[in-house]
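Okay, structure first, notes after.
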């Protein structure tokens with residue numbers, strides 16, 4: 001897999017904004033098959049930053065139902081919280 005297949009997008013939430021300001025951490029949506037080493041290399045290659053630590057978790061989809069008795073679910077995805085070295089940041093604009 002190349003870096004563009006491993007890193008899907010960056011999650012922008014209120015909690016993520018606080019983490020990026022105070023802790024220098026960014027939340028990334030990664031490919032489910034990628035491991036921490038691959039995510040680290042992809043972030044360093046795509047954003048030209050130095051990564052200190054990568055924490056990952058698999059997020060299960062939520063059950064959803066719309067005006068019917070049939071139930072569905074949102075997709076499952078992998079969340080990676082990437083910690084950068086002091087003084088470095090990812091430009092989100």
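What follows draws every value from the coordinates through simple rules; no lab data is involved. No experiment lies behind these values; they were computed from the predicted model shown. Note: ideal-geometry Cβ built from the backbone for every residue, glycine included; neighbour counts use all protein chains shown.
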Exercise. Given Cα pairs under 8 Å that are at least 6 residues apart, what percent is the relative contact order of the range 3-84?
Worked result: 34
For this session: Calculate the radius of gyration of the Cα atoms of the range 39-88 to one decimal place, then report Dmax, the largest Cα-Cα distance, as a whole number, both in Å.
Result: 17.0, 52
Problem set entry | Rg(Cα) / (2.2 N^0.38 Å) computed for the range 1-42, rounded to two decimals | 1.24
Problem set entry | Principal axes of the range 3-84: Cα extent on each, largest first, Å | 49, 27, 17
For this session: Along Cα→Cβ, 7 Å out, is where each label goes; now give me the distance between the ones at residue 88 and residue 10 in nm to one decimal.
Result: 1.3
For this session: Using a Förster distance of 30 angstrom, determine the FRET efficiency expected from the C-beta separation of residue 2 and residue 67, and round it to 0.05.
Result: 0.15
Exercise. Which angle from 0 to 90°, rounded to the nearest 10, does the C-alpha axis of helix 36-47 make with the longest principal axis of the chain?
Worked result: 70
